[in-house]
Amino acid sequence: MPHFRKAADILNKYPIKYVVSTNTMGNALIVDPETESAVIAPKGGFGGLAGGFIKHTALANVRQMSQLLRPDIDVVGVGGVSSGTDAFELILCGAKAVQVGTCHRVEGPECFDRISAELKAIMKRKGYQSIEDFRGKLKPNQGAKKDGHVKKKVQANQNGIVIQPLTLLVAILVLVVGFIFSRPKLCQGL
Ligand SMILES: Cc1cc2nc3c(=O)[nH]c(=O)nc-3n(C[C@H](O)[C@H](O)[C@H](O)COP(=O)(O)O)c2cc1C
């Protein structure tokens, strides 16, 4: 995306050690339908979105910035980290460290040890010794077959039902065969 390129081109000109990506994402408003009022008091209730809602945008931003910035500029991944898996995904997208905001606010400082232990467990299961074993090594989606599978899954989630092409073909065949076999009887009836 052009604005990422423009931002990275500017940052790359300066002796920067790290970039934090992202912050909260605006514009957001929480409405209480019972009291019919804004939940947050200042600024007319307008604020920035944080937590799980922004995780996928944070992943994308971290991925793009870590690809476009000079290799000696580290990216700190922020946005929706509340588990070791979230931290793992951001590191996979190129983050050298991760920050925790909302989860700390909700759970308290205990979240750091928990997230860290979960991340370590994932690394152990996958046989990684250090974050450099997988940092920035996100793989592209492998092939059209898998793409189709993902598309079908998304379709199923959104619509609750998926009619696969083969199922449709079999249904049409059954109808055609049924029609052919029922024709003589229909003729006899006439
Ligand atoms: C309670 C709270 C206070 C925050 N205060 C600041 C702040 O003063 N300056 C800032 O740049 N970001 C602030 N943030 C944004 C966080 O640093 C972080 O970028 C954002 O919440 C996204 O991370 P998260 O999804 O882990 O919450 C704050 C976030 C929270 C939840």
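General observations
- Flag if residue 39 is touching a helix residue (DSSP H, G or I) at 6+ places or on another chain (Cβ under 8 Å) and either assigned by TED's automatic domain parsing to the domain that holds residue 15 or closer than 16 Å to residue 5 by Cα (or both): yes
- Among the candidates 116, 130, 83, residue that is touching an Asp or Glu at 6+ places or on another chain (Cβ under 6 Å), modelled with pLDDT of 95 or more and over 20 Å from residue 11 (Cα atoms): 83
- Residue match in the range 14-21 (condition: in the same structural domain as residue 117 (by TED's automatic domain parsing), more than 15 Å from the ligand (Cβ to nearest atom) and in a helix (DSSP H, G or I)): no
The values are calculated or read from the model by the stated rules, or taken from the named source; none is laboratory data. Just so it is clear, the structure is predicted and the values come from calculations on it, not from any experiment. Note: ideal-geometry Cβ built from the backbone for every residue, glycine included; neighbour counts use all protein chains shown.
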